[in-house]
Amino acid sequence: MSTAIEEAKRAGIDMSLVETSLRYSYDKRAEQHQAALELALELERIGRQLRGEAQPTD
């Protein structure tokens, strides 16, 4: 039986990135998550603007 880690490696996931991330404090990981979320939302907003779509109101 294979472990989740072995399956992830076979799927091509770079486990060194996971290991590095887990060395960070909870607060640092939360900051990184928030920054990534803000970037994704900004890219979504720009895409909608370029396509001429209405912006969500929430």
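What is the list of residues in the stretch 1-26 whose amide nitrogen lies under 19 Å from a point 7 angstrom out from the Cα of Q32, following Cα to Cβ? Only 5, 8-9, 12-26 fall inside the zone, counting backbone N under 19 Å. The Cα-based radius of gyration of the chain, divided by its Kirkwood radius, gives an Rg/Rh of 1.20.
Note on L17 and A54: their simple-model spin labels are 3.7 nm apart, each label 7 Å out from Cα toward Cβ.
Since every read-out is calculated from the coordinates, none of them should be taken as a lab result. All values reported here derive from a predicted model rather than from experimental measurement. As a convention, Cβ positions derive from the backbone with ideal geometry for all residues, glycine included, and neighbour counts pool all protein chains shown.
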